[in-house]
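Below is one structure, written out as structure tokens; the observations come after it.
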Amino acid sequence: MALVKMKLLNIIGVLDELDRTVDILGDSGMFQPDDAARYFSENENLVPVGGVNEYTPLLEKLQKILTATSQRAEIVNAEKLQTLSSAELSDRVDKLYQELLPLSEERDTLSSEIDRLSNMIEDVKRFVGLGVDMQQLESCEFIKTVLGKLPKESYRKLQSYSDNPFVQFFPCTTDEHFYWGVYVTPLSEADKVDRIFSRLYFEPVEIGGIEGTPQEFVMQKLDEKSELETKLSSCQTEIDAYKQAHRTELLQLFSAVSRHHAYHSIKDHACRVNNSFILVGWIPSDYEGQIKKQLCSLSTIEVTTTDGKEELLHSPPIKLKNHFFARPFEYYTEMYGMPNYNEIDPSGFIALTYTLLFGIMFADLGQGILLLIAAIVMYRVKKMPLGRLLIPCAISSTVFGFLFGSVFGFESLLDPVYKALFGLEEKPIDVMESNTTMILIFGAVAIGVLLLMTAMILNIISSIKRRDIGNALFGVNGVAGFIFYTALVAGLASSMLLGVSIMTTPYVIGLIVLPILLVFLREPLSKLMRHEGHIFGEGFGSFFVDNIFELFEVVLSYITNTMSFLRVGAFVLVHAGMMQVVFVLAGMFGPVGYTITVILGNILVSVLEALLVGIQVLRLEYYEMFSRFFIGDGRKFTPISFEKSRNS
């Protein structure tokens, strides 16, 4: 639960050394530029340095070349080309582009023509059984011919028109669903016949420009297509030879141009005054010495650094730093929002609570192992961040499944294990017993109370870090709210569970009434602490009306947030109930059907329950806990970097 300390880097130097400065910062992979004008707004002589990125068109050309030669864009070692100017790189890229362009255009033209011929052949070959010259057929003055396809069911219905000599359909070819052919009718009867075939779902097909019979036309076009395919093959051979000869040069140029293109964005944030430039950005404090040493090796460069805590107005970027267990849960933290620089990182908190709650709600040893396997595959094979955080959740589910004695829904399968290890005749926790059910419900509420109290403590700490003392002391989730909630829960619990009433008059006044009154007055009290005037804003009457309703909502939120944790115990019961349904259904079949039903039922329950539990636990995290202590209005640290890697 920590944030990497950031340093603000201020760099001033002569414009001639800006490119070298940018290279050093970019190669470090740990520099996030900020707009220099924001930090020196009082200086009216500042002029932005950045302009059009001259490497963009070069990169586009290289990407077209790589696509034309069917190559994957890879980053290789291009140190020999990194010292070349943009003009020199442009000359080399243009030379390769002009050499390949005619070949690529010829290949594309041939491919398009082959596709056109293939579509034409495919359409006409449906009518090869029609041994009539198509031009003569189209030139008839007194009859109308229509090519198309007729559903087979409709073809059978044509028998009902056998008494009409003008309704004539001549099939040429057939497939699974249609007859392909032509109907012929005198022009005087064309409208009537067209309506008849329309009702029969006949679909016309437009084929024009056919010389001779369909069969002769198809043979002619097949010959043309064969010639074009030969030319295409020859063209592709030339392109492959070009690719083989220039592959290394292409990838080196791509790597060098990509590097310059990426680093140009650093220039976009710089400003200049006369012949000097100013560049401002953020680096992790661990890299301060290394980067300053490299920059100071340039003759005109001056570098100063400022701690991030001193630059809170400029919102230092956030880089999370967590141990191996909490690191996967940064994914959920970032989904909600990045913490600001003087706020607590909740990743460790969500890692612990999410894993615990997920394990309780998805408690099954067998299904937990299946989820663990699925999570490993998701993370290792599919590279899904969700899979990484599901691994500890699956382990937690397996552990709680062992405690609850559930293995793929079999509730007594582990009884021999309990007897051998602990001397018990049966599992220690039977979730379907009435006594255990009540314990689960009360236990879920108790977990909720503890987690909400922890969230309030985190809010107090976070508020102090933000120097918001008023919220820390008098806020809904501050000291006053914590005392009110804790005293109310303790009083109700002692009365309901222990039969001991501790809610005496002094207790109620001192620990319930007074804290909630402080919560009610938190705004004016906070203003008093900040020595602000007009503590009641538009007047006490308006303040009272607005805040009395807000106070009611606050008290209601304590209750609803606590009750939300009932779902933790409910899902334990839901799991057992769903598996009971599976076994009831399986009992309706024989041995083979029983086995299949149990397997399929376990798969269905595992997938459905894992999805529901994952969503419900995340809801508890975000709405019941995060909302009490986490603002999440920070910005992520996104340094400009260019990865130098050799891909085999």
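Taking the conditions (1) over 30 Å from V407 (Cα atoms); (2) open to solvent by less than 70 Å² (accessible area, probe 1.4 Å) in turn, I509 satisfies each one other than (2).
For region 178-197, how many residues meet the condition of being in a strand (DSSP E or B) and either β-branched (V, I, T) or surrounded by fewer than 18 Cβ atoms within 10 Å (Cβ to Cβ) (or both)? Selection size over region 178-197: 4. Just to be sure, is L81 open to solvent by less than 30 Å² (accessible area, probe 1.4 Å), touching a Lys or Arg at 6+ places or on another chain (Cβ under 9 Å) and part of a helix (DSSP H, G or I)? Taking the combined requirement at face value, the residue does not satisfy it.
Counting only residues that are of a type in the set (A, V, I, L, M, F, W, C), under 22 Å from the mean Cα position of the chain (by Cα) and assigned to a helix (DSSP H, G or I), region 335-372 holds 6 of them. Filter region 50-69 down to residues that are among the β-branched types (V, I, T) and in contact (Cβ under 8 Å) with a residue 60 or more places away in the chain and give me whichever is surrounded by the fewest Cβ atoms within 10 Å (Cβ to Cβ). The qualifying residue surrounded by the fewest Cβ atoms within 10 Å (Cβ to Cβ) is T56.
Please verify whether region 296-317 includes one or more residues that are within 28 Å of the chain's Cα centre (by Cα) and surrounded by 21 or more Cβ atoms within 10 Å (Cβ to Cβ). Yes, that holds for at least one residue. Within region 344-364, being of a type in the set (D, E, K, R) and farther than 16 Å from Y622 by Cβ holds for one residue alone: D364.
None of I395, I376, I369 is touching a helix residue (DSSP H, G or I) at 6+ places or on another chain (Cβ under 7 Å), farther than 22 Å from A576 by Cα and surrounded by fewer than 23 Cβ atoms within 10 Å (Cβ to Cβ) except I376.
For region 431-470, taking the residues that are open to solvent by less than 50 Å² (accessible area, probe 1.4 Å) and of a type in the set (S, T, N, Q), the one that is farthest from I360 (Cα to Cα) is identified as S463. Residues in region 128-139: is at least one touching a residue at least 60 places away in the same chain (Cβ under 8 Å), of a type in the set (A, V, I, L, M, F, W, C) and touching a Phe, Trp or Tyr at 6+ places or on another chain (Cβ under 6 Å)? No, because not a single residue in region 128-139 is touching a residue at least 60 places away in the same chain (Cβ under 8 Å), of a type in the set (A, V, I, L, M, F, W, C) and touching a Phe, Trp or Tyr at 6+ places or on another chain (Cβ under 6 Å). Filtered by the rule that a residue be without any contact (Cβ under 8 Å) to a residue 60 or more places away in the chain and either part of a helix (DSSP H, G or I) or open to solvent by less than 20 Å² (accessible area, probe 1.4 Å) (or both), region 204-239 gives E216, M219, Q220, D223, S226, E227, T230, S233, S234, T237. Screening G359, G308 for residues that are touching a Phe, Trp or Tyr at 6+ places or on another chain (Cβ under 8 Å), touching a residue at least 40 places away in the same chain (Cβ under 8 Å) and closer than 30 Å to D27 by Cα leaves exactly one candidate, G308. Among the residues of region 257-290, just one is surrounded by fewer than 19 Cβ atoms within 10 Å (Cβ to Cβ), under 13 Å from G26 (Cα atoms) and of a type in the set (A, V, I, L, M, F, W, C), namely A262. If you go through region 581-603 and keep only what is of a type in the set (F, W, Y) and part of a helix (DSSP H, G or I), you end up with F583, Y594. Checked against the criterion of being more than 30 Å from T300 (Cβ to Cβ), within 52 Å of the chain's Cα centre (by Cα) and among the aromatic types (F, W, Y), region 246-262 has at least one qualifying residue. Restricting S104, S90 to residues that are open to solvent by less than 60 Å² (accessible area, probe 1.4 Å) and more than 30 Å from S234 (Cβ to Cβ) narrows the list to S90. Evaluated against (1) under 25 Å from G281 (Cβ atoms); (2) touching a Gly at 6+ places or on another chain (Cβ under 6 Å), S315 falls short on exactly one condition, (2).
Looking only at region 514-535, decide whether some residue is among the aliphatic types (A, V, I, L, M), under 13 Å from A487 (Cα atoms) and crowded, with 17+ Cβ neighbours inside 10 Å. The answer is yes; a qualifying residue exists. Taken together, G387, G348 contain a single residue that is closer than 30 Å to E310 by Cβ and either at pLDDT 90 or above or among the aliphatic types (A, V, I, L, M) (or both), which is G348. Across region 406-428, the number of residues qualifying as open to solvent by 60 Å² or more (accessible area, probe 1.4 Å), under 30 Å from L600 (Cβ atoms) and not aromatic (F, W, Y) comes to 4. Answer with yes or no whether R156 is under 55 Å from the mean Cα position of the chain (by Cα), at pLDDT below 90, among the basic types (K, R) and farther than 30 Å from R107 by Cβ. Criteria met by R156. When S501 is tested against (1) assigned to a helix (DSSP H, G or I); (2) more than 23 Å from I535 (Cβ to Cβ); (3) more than 42 Å from the chain's Cα centre (by Cα), exactly one condition is not met: (1).
If you take the residues of region 128-177 that are closer than 18 Å to E189 by Cβ and touching an Asp or Glu at 6+ places or on another chain (Cβ under 6 Å), which of them is surrounded by the most Cβ atoms within 10 Å (Cβ to Cβ)? Checking each candidate, the answer is G148.
Restricting the first member to region 268-285 and to residues that are more than 15 Å from T300 (Cα to Cα) and touching a residue at least 40 places away in the same chain (Cβ under 8 Å), and the second to residues that are of a type in the set (S, T, Y) and surrounded by fewer than 22 Cβ atoms within 10 Å (Cβ to Cβ), the beta-carbon pairs closer than 6 Å and six or more apart or on different chains are V280/Y39. Cβ-Cβ distances below 8 Å connect the following pairs, each with a first residue in region 485-496 that is in contact (Cβ under 8 Å) with a residue 40 or more places away in the chain, a second residue that is assigned to a helix (DSSP H, G or I), and a separation of six or more residues or different chains: Y485/L452; Y485/M453; Y485/M456; Y485/Y558; L488/I512; L488/Y558; V489/V449; V489/T562. Checked against the criterion of being touching a Pro at 6+ places or on another chain (Cβ under 7 Å), at pLDDT below 95 and over 30 Å from L101 (Cβ atoms), region 258-267 has at least one qualifying residue. A Cβ distance below 8 Å, combined with a sequence gap of six or more or placement on separate chains, defines the contacts here; from region 86-115, residues that are within 16 Å of D240 (Cβ to Cβ) reach residues that are open to solvent by less than 50 Å² (accessible area, probe 1.4 Å) and not in a helix (DSSP H, G or I) in the pairs L100/T69. Taken together, the residues in region 249-299 that are over 16 Å from V49 (Cα atoms) and among the charged types (D, E, K, R) amount to 6.
Within region 506-550, the residues that satisfy the criterion of being of a type in the set (F, W, Y) and assigned to a helix (DSSP H, G or I) are Y507, F520, F540, F543, F544, F549.
The values are calculated or read from the model by the stated rules, or taken from the named source; none is laboratory data. Predicted, not measured: the structure shown is a model, and the values here were computed from it. Counting neighbours? That spans all protein chains shown, and the Cβs are built from the backbone with ideal geometry, glycine included. Accessible surface areas use protein heavy atoms only, side chains included; no ligands, DNA or RNA. Shrake-Rupley method; radii C 1.70, N 1.55, O 1.52, S 1.80 Å.
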